[in-house]
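The next block holds one structure in the form of structure tokens; read it before the comments.
The values are calculated or read from the model by the stated rules, or taken from the named source; none is laboratory data. Everything numeric in this text was worked out from a predicted model, so none of it was measured. Here the Cβ is made from the backbone with ideal geometry for all residues, glycine too, and neighbour counts use every protein chain on show.
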Amino acid sequence: MTRTFCGEVIVGEDGGSALLYDHTAFDGTAMARVTNHCYDYAKKSGSFEASEDNGEAAPQKLEFVLGTDTLDDIEKAKSSQARTIGTPVIVYGTASTRQFLHGRATVYYPSSEDSLSFCRVFDSPLSSKAEKEQSLRKAVERCKQDAVSAANGLAVYRMMYGLLSIALDDGIPIHPFFKHRVFGHADLIASQMNLQCDGCTFENPSFPGSYMVTYNIRPESFIFGLSCSKSFPEKNATKFKDAIEKALTELRECVDICR
């Protein structure tokens, strides 16, 4: 099956550029490759020659109009989802399963007892630098192990979601296990999307009241793309950015001192 979607190229007055597309987060890898291709092409070309102005070749702008009924249905769905989910309680990440036939990605939960313990130790004024560094390394190692296990096909999220979907499709009563709130919402979704250029990807939050974080790890820097819903005043991307910057600075100081 061949699937296509439209992309929009945005060029700013200062020379900055971006690729905009409206689809799912799973297309992020494809768009990253398109971005890298454009970046490599620009580096090899060196300079560009302006094309002739051709009115017949001008792109046609598409207009999308949503009716009142459609907008009302969207608002009802939003409200129903927010009431059902309640308080965000989980964090999950993705791992590549491309080593398997037809494999793409799977989901795993990086939140663990080790990560919660690290948060408590790091925020405690009574903890020493050595204790903070030890808890950090333990939490990171646990997260790495979970990611490797997921990439090796040992994650269960997709299987759980598949069982739930089968039950809904076949009219089978849903087991109370699947009605737990952890299946309904994520407080934070983070995804690594590597680009060769000095930039990063941005995505809308997958759930209301959650943060979406994409990041690009480069040899000389980390670049983050943060987003959250304006419908939730308690969520603030600017404050979240400041908190991430402060936390990473403190982590670096902690690790440097303990070396």
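Descriptive notes on the structure:
- Flag if Q192 is surrounded by fewer than 16 Cβ atoms within 10 Å (Cβ to Cβ) and farther than 24 Å from A247 by Cα: no
- Selection from the range 230-255 of residues that are modelled with pLDDT under 80 and either small (G, A, S) or under 18 Å from T201 (Cα atoms) (or both): S231
- Scanning the range 195-220 for residues that are surrounded by fewer than 20 Cβ atoms within 10 Å (Cβ to Cβ), aromatic (F, W, Y) and farther than 19 Å from S96 by Cα yields F202, F207.
- Residue that is surrounded by the fewest Cβ atoms within 10 Å (Cβ to Cβ), among those in the range 221-259 that are touching a helix residue (DSSP H, G or I) at 6+ places or on another chain (Cβ under 8 Å) and β-branched (V, I, T): I257
- Long-range neighbours under 9 Å by Cβ, at least six apart or interchain, first residue without any contact (Cβ under 8 Å) to a residue 60 or more places away in the chain and closer than 17 Å to A237 by Cβ within the range 189-200, second among the polar types (S, T, N, Q) and outside any loop (DSSP other than H, G, I, E, B): C200/T214; C200/N216
- Among the residues of the range 106-130, those identified as assigned to a helix (DSSP H, G or I), over 16 Å from D146 (Cα atoms) and among the aliphatic types (A, V, I, L, M) are V121, A130.
- Residue, surrounded by the most Cβ atoms within 10 Å (Cβ to Cβ), within the range 97-111, restricted to residues that are over 17 Å from S210 (Cα atoms) and more than 14 Å from the chain's Cα centre (by Cα): T97
- Count - residues of the range 211-242 that are of a type in the set (V, I, T), free of Cβ contacts under 8 Å to residues at least 40 places away in the same chain and under 14 Å from A190 (Cβ atoms): 3
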